[in-house]
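The values are calculated or read from the model by the stated rules, or taken from the named source; none is laboratory data. All of these numbers come straight from a predicted model, not from anything done at the bench. Reconstructed Cβ throughout: ideal geometry from the backbone, glycine too, with neighbour counts over all protein chains shown.
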Amino acid sequence: MQDDSLNEIMKRRQKARIFHRLLTGMYFHRTEQFRFMTLTSSPRSPSIRVSWRRLKSVIRSTCPIDFIEHLNEDTLGKFKRMTEPLKFEYCAIFTEEGEGVIHIVYVGDYIPFYWLQEKWMNIHKSYGVNIEAVRKYRGVKVKDKMYYPAGLASYVLNQYVANQDALRTMNWSRGWVYPGFVEDWTKLKRSMRYESKEDKIHEWHVRLDEIKKHDCQSTFNGAWLGDCS
């Protein structure tokens, strides 16, 4: 009985950590275009973590000109320069659904579905991919709360990661927020331990806005790993 209670507490904490990492990045990039990506596995697939590292490398070394055959008049207009590598800042959640699944939220450039499917098949021996854009955040006047950063984070967890028992870990790119943001959040919570949750979140957003405003966030393409297991 005690073990069951402890497991439930650990699961709630794990989900809270995932929610915070998602929410912070979504707030940080709230004026940019979010996209959801899902990558699945097959019985023939190799290690999904190894395949994910390979796919990230491929995406970040690819320029739009490299998949121009997958673009039409509308999607061509999504790129300012055809010879610059794709921007790809992400938060990825690994689950044990099926043979293994990664649910990714990212900000960055448009990636054609059929190009992504081809690359994932070559790397991971699986055709099971999905990618879709989410309507941009438009401020507090939007009635549909899904399009608030907090609403988006909840949507990801409820829609894409519904099986909490299947959650394993997550990682994110350095540009998802900024290196060290988890430690900063922990310090803020400790320093404001007698303040309300709303006051903590407000102060956190003020700090994120200051970093964004002063461009303290460097444009990295490496991966800053975080474990919520």
Fill in the blank from the handout: Picked from the stretch 164-194 (must be assigned to a strand (DSSP E or B) and of a type in the set (S, T, N, Q)), the residue modelled with the highest pLDDT is 173
Problem - Residues being among the β-branched types (Val, Ile, Thr) and in a loop (DSSP other than H, G, I, E, B) - total across the stretch 38-68 - result: 2
Practice task
Tally the residues that are without any contact (Cβ under 8 Å) to a residue 12 or more places away in the chain and closer than 22 Å to residue 51 by Cβ, restricting the search to the stretch 69-114.
Solution key: 0
Practice task
Only residues in the stretch 115-138 that are modelled with pLDDT under 95 and surrounded by 17 or more Cβ atoms within 10 Å (Cβ to Cβ) count as the first member; pair them with residues that are assigned to a helix (DSSP H, G or I) and of a type in the set (Ser, Thr, Tyr), Cβ under 8 angstrom, at least 6 apart or cross-chain, and list the lot.
Solution key: 137/147
Practice task
Could you check, for the stretch 60-67, whether at least one of its residues is surrounded by 12 or more Cβ atoms within 10 Å (Cβ to Cβ) and within 19 Å of the chain's Cα centre (by Cα)?
Solution key: yes
Practice task
Answer yes or no as to whether residue 61 is touching a Lys or Arg at 6+ places or on another chain (Cβ under 7 Å) and at pLDDT 95 or above.
Solution key: no
Practice task
Look at the stretch 89-123 and say how many of its residues are out of contact with any His (no Cβ under 7 Å at 6 or more places or on another chain) and in a helix (DSSP H, G or I).
Solution key: 9
Exercise for the section: Working carefully through the options 35, 30, find the one that is crowded, with 18+ Cβ neighbours inside 10 Å, at pLDDT below 95 and in a strand (DSSP E or B). Expected result: 35
Practice task
Please go through the stretch 171-210 and pick out each residue that is touching a helix residue (DSSP H, G or I) at 6+ places or on another chain (Cβ under 7 Å), among the hydrophobic types (A, V, I, L, M, F, W, C) and under 17 Å from residue 22 (Cβ atoms).
Solution key: 172, 176, 177, 181, 185, 204, 208
Practice task
Starting from residues that are surrounded by 14 or more Cβ atoms within 10 Å (Cβ to Cβ) and part of a helix (DSSP H, G or I), keep the ones in the stretch 69-88 and report whichever is modelled with the highest pLDDT.
Solution key: 70
